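What follows is a set of notes on a single structure, which appears directly below.
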Amino acid sequence: MSDSDTRRAAPERELSREKRIARRIRKKLRRRNLLAIGLSIGALAVALSRENRREAPAVVASPVQQASIASLDGPLVPQPTADSVPLIRMASLTDERLLDGRSSQPIALSRLSRVHVTGPLALKLNLLLLEEARSYLEQIDGYTATFHREERVGGDLTSQVMELKLRHSPFSVYMNWLEGDRGRELLFVDGENDGKMIVHPGGWKARLIPSIKLDPNGTIAMRESRHPVTEIGLLKLVDRLLERRREELPLADRLTLVLTDQAELNGFPCYRFTLTHRSRETSEYYRKSVLHLDREHGLPVSLAAWTWPEDGQDGADADVDETTLVEQYTYADLVLNPQLADRDFDRKNGDYRFRR
């Protein structure tokens with residue numbers, strides 16, 4: 001190559017290098033802009049993740065998620081796995097300084113990959129998972145489960161285990177007691193039987209007493225339960241928890257909330273949220289709760305809640321939990337969208353024991 005050719009090639013190489021640098025700068029700016037818009041990106045990422053889940057069973061990070069992940073820890077952040085996506089996806093939502101615009105500092109990915117996440121960050125993650133659970137539940141027709149219920153009513157702690165069938169529309173519930181008055185059955189269908197539930201007792205009483213209609217909110221129906229049958233189920237539980245969490249969000253600095261990312265319940269991977277109120281000023285009745293959300297859909301598969309101890313007891317004492325537990329609900333053997341039919345909620349079903 002002649003000297004003149006070399007002189008002509010040098011500016012071209014320099015120009016090409018400048019273009020590469022400019023391209024890298026634009027990419028970095030785009031990544032930073034993704035974080036800067038905060039809630040908008042988080043909401044879009046959640047929506048995209050739901051769309052991805054509907055199209056394919058595997059959890060795959062969307063381009064927006066991948067950009068958000070890259071912006072958290074730079075280009076050396078590994079690609080997310082199916083297990084890590086749920087927490088990483090919500091990273092752009094979870095720093096208070098980022099949300100209110102006072103800072104554009106990115107959130108370190110390591111903060112989300114530790115075993116424990118605490119404080120306002122954990123509360124916002126809890127909210128987002130519950131919102132995603134609600135969105136998922138609205139898309140399915142119903143489910144079956146083994147429902148474990150432990151409640152303190154009138155000072156006594158009762159324990160019951162029921163076979164549960166639940167349909168969302170019309171709201172329909174069938175329950176068969178497996179423990180605690182074994183053999184009792186309950187049937188409720190919204191818009192039928194004058195708004196009442198049909199119940200027949202279990203045990204020896206089943207042979208003597210016919211099925212009766214009861215007001216779900218009446219004294220007899222509520223004698224062994226803290227909530228009427230019209231409020232049973234995962235969707236109703238999610239709504240109650242969302243209402244509670246939204247009320248607690250402005251009080252986050254006065255609560256203690258710990259997220260354990262690698263928790264298990266009955267052998268299944270879950271997120272565990274342990275929330276403790278430091279005083280009655282933030283919660284007059286509930287002192288502490290432990291919530292397990294399944295990692296796939298964020299469903300509240302278990303909730304335990306405790307009230308405040310009587311005067312003279314220390315609320316921080318672990319032994320006090322034994323005497324202050326007020327409710328515990330667990331959904332085991334959960335089968336989603338099991339193709340429930342009208343027959344499953346018909347008192348004439350030959351598999352049931354309702355008597356006329």
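The values are calculated or read from the model by the stated rules, or taken from the named source; none is laboratory data. All of these numbers come straight from a predicted model, not from anything done at the bench. Neighbour counts are summed over all protein chains in view; Cβ atoms, including those assigned to glycine, are modelled from backbone coordinates with ideal geometry.
The set of residues in region 218-243 being in contact (Cβ under 8 Å) with a residue 24 or more places away in the chain and under 17 Å from the mean Cα position of the chain (by Cα) consists of Ile232, Gly233, Leu234, Leu235, Leu237, Val238, Asp239, Leu241, Leu242. Scanning region 120-142 for residues that are under 27 Å from Met175 (Cα atoms), in contact with a strand residue (DSSP E or B) (Cβ under 6 Å, 6 or more places away or on another chain) and surrounded by 22 or more Cβ atoms within 10 Å (Cβ to Cβ) returns a single hit, Gly142. Check whether at least one residue in region 268-279 is touching a helix residue (DSSP H, G or I) at 6+ places or on another chain (Cβ under 8 Å) and of a type in the set (Phe, Trp, Tyr), and report yes or no. Yes, region 268-279 has at least one match. Residues of region 241-271 that are of a type in the set (D, E, K, R), within 20 Å of Ser135 (Cα to Cα) and surrounded by 14 or more Cβ atoms within 10 Å (Cβ to Cβ): Arg244, Arg245. Looking across region 199-214, just one residue is closer than 17 Å to Leu178 by Cβ, aliphatic (A, V, I, L, M) and modelled with pLDDT under 85, and that is Ala206. Within the span defined as region 169-188, one or more residues are exposed (fewer than 14 other Cβ atoms within 10 Å of the Cβ) and at pLDDT 95 or above.
Of all residues in region 318-339, those being touching a residue at least 40 places away in the same chain (Cβ under 8 Å) and part of a helix (DSSP H, G or I) number 0.
Of the strands (runs of 3 or more DSSP E) entirely within region 158-217, those holding at least 2 residues that are closer than 17 Å to Leu235 by Cβ occupy 172-179, 185-189.
When region 313-356 is limited to residues that are hydroxyl-bearing (Ser, Thr, Tyr) and assigned by TED's automatic domain parsing to the domain that holds Met197, the one that is modelled with the lowest pLDDT turns out to be Thr323.
Looking at Arg280, Arg295, Arg287, Arg254 in this structure, which one is touching a Cys at 6+ places or on another chain (Cβ under 7 Å), in contact (Cβ under 8 Å) with a residue 12 or more places away in the chain, of a type outside the set (Ser, Thr, Tyr) and at negative phi?
Numbers: Arg280 fails: touching a Cys at 6+ places or on another chain (Cβ under 7 Å); Arg287 fails: touching a Cys at 6+ places or on another chain (Cβ under 7 Å); Arg254 fails: touching a Cys at 6+ places or on another chain (Cβ under 7 Å).
Only one candidate passes the filter, namely Arg295.
Confirm whether Glu163 is touching a residue at least 24 places away in the same chain (Cβ under 8 Å), surrounded by 15 or more Cβ atoms within 10 Å (Cβ to Cβ) and in the same structural domain as Pro228 (by TED's automatic domain parsing).
Here the answer is no, as Glu163 does not meet what is asked.
Would you be able to tell me the number of residues in region 142-182 that are among the acidic types (Asp, Glu) and more than 26 Å from Ser289 (Cα to Cα)?
Selection size over region 142-182: 1.
Residues that are of a type in the set (S, T, N, Q), over 14 Å from the mean Cα position of the chain (by Cα) and part of a strand (DSSP E or B) within region 244-281 comprise Thr256, Gln262, Thr276, listed in sequence order. One residue stands out in region 230-278 among those that are modelled with pLDDT under 90 and of a type in the set (S, T, N, Q): the one that is nearest to Ala305 (Cα to Cα), namely Thr260.
Quick check: is even one residue across region 193-203 touching a residue at least 40 places away in the same chain (Cβ under 8 Å) and surrounded by fewer than 15 Cβ atoms within 10 Å (Cβ to Cβ)?
Pass one, region 193-203, residues touching a residue at least 40 places away in the same chain (Cβ under 8 Å): 198, 200.
Pick out the ones that are also surrounded by fewer than 15 Cβ atoms within 10 Å (Cβ to Cβ) and you get none.
No, region 193-203 has no match at all.
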